[in-house]
Amino acid sequence: MHDVNAGCAAETFVPLTASAVLVNPVGLHARPSVKLTQCAKGFVAKIEFALAADGPWTDAKSPVKVMRVKAPQGATLHFRVTGPDGEAALAALLTLVHDGFGEA
Amino acid sequence: MNNSSSGNVGIVIVSHSPKIAEGAADMVRQMVGDAVPLAWTGGDSDGGLGTNVAGILEAIELAWSPAGVAILVDLGGAETNSEMAVEMLAEDRRASVVVCNAPVVEGAVIAATESSGGSSLAAVKRSAEEFYA
């Protein structure tokens with residue numbers, strides 16, 4: 001029941017989008033994928049990303065799906081965030097990518 | 001090697017080789033961090049390659065969490081001994097411990113990542129098993 005309500009609430013939010021270039025030498029490999037997932041999981045908003053502005057979109061809260069994208073260095077990560085804490089989520093994600101996930 | 005102060009799902013790594021189990025646990029700690037209760041076990045009771053039920057029970061105890069425990073195993077005996085260990089738990093704990101059908105190293109990292117975000121035992125298991133999906 002809780003999930004249903006959250007789903008309805010999410011629909012009333014306009015998706016926020018932004019993009020950032022991956023600076024990590026090895027791209028979105030295992031460790032950054034874990035960090036991206038952990039960051040995304042800290043927000044209730046629905047968080048997706050893609051390598052192109054029109055998708056296909058990947059659930060940023062799924063570690064397996066994030067790793068499967070195998071985004072290389074120099075790739076642009078497009079984020080699409082929908083939810084009550086969307087702005088904060090987007091800011092946190094962009095900071096994470098800009099900072100090379102703490103390893104660049 | 002555990003961290004039982006957390007309410008997150010615990011992770012247990014069971015391999016025939018203690019080196020693999022310990023190495024996988026190192027990867028979890030370094031990649032995911034300390035927010036997840038974690039324990040590993042490997043080797044038979046004589047110190048050779050294998051698994052033993054007592055060691056698995058001990059690891060489950062170390063990684064115990066009210067949210068439950070997800071076990072990652074490698075081959076054959078690791079799985080059957082883990083299932084046996086689960087059956088030997090107190091009845092009220094049995095339902096809170098699951099063996100995941102996932103590769104031991106990758107599954108442990110993924111399961112711990114999922115757990116570190118506060119996910120349920122079912123979500124942790126599902127995420128680890130996505131590797132074979």
When the helix-only estimate is applied to chain B (DSSP H runs of n ≥ 4, each -39,500 (n - 2.57), divided by the residue count), what is the mean residue ellipticity at 222 nm, nearest 500 deg cm²/dmol? -14000 deg cm²/dmol
Measure out, as a whole number of angstrom, how far apart the alpha-carbon centroids of segment B:74-133 and segment A:8-72 sit. 25
Going by how many other Cβ atoms sit within 10 Å of their own, how do B:LEU38, A:LEU28, B:LEU49 line up, fewest first? B:LEU49, A:LEU28, B:LEU38
For segment B:10-132: rounded, prolate or oblate by the Cα gyration tensor [a/c cutoff 1.5]: oblate
Taking Cα pairs closer than 8 Å and at least 6 residues apart, the relative contact order of segment B:10-132 in percent is 29
Could you line up B:ILE56, B:ILE13, A:ILE47 from fewest to most neighbouring Cβ atoms inside 10 Å? B:ILE56, A:ILE47, B:ILE13
Return the Rg/Rh ratio of segment B:1-78 with Cα-based radii and a Kirkwood Rh. 0.96
Neighbour-count order for A:ASP54, A:ASP59, fewest beta carbons within 10 angstrom listed first: A:ASP54, A:ASP59
May I ask which of A:LYS35/B:LYS19; A:LYS70/B:LYS19; A:LYS41/A:LYS70; A:LYS65/B:LYS19 have a Cα-Cα span longer than 23 Å here? A:LYS35/B:LYS19; A:LYS70/B:LYS19; A:LYS65/B:LYS19
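The numbers here are math on the coordinates, done by the rules we state, and not lab data. What you see is a predicted model, and the numbers here were worked out from it, not measured in a lab. Note that we place each Cβ from the backbone using ideal geometry, even for glycine, and neighbour counts take in every protein chain shown.
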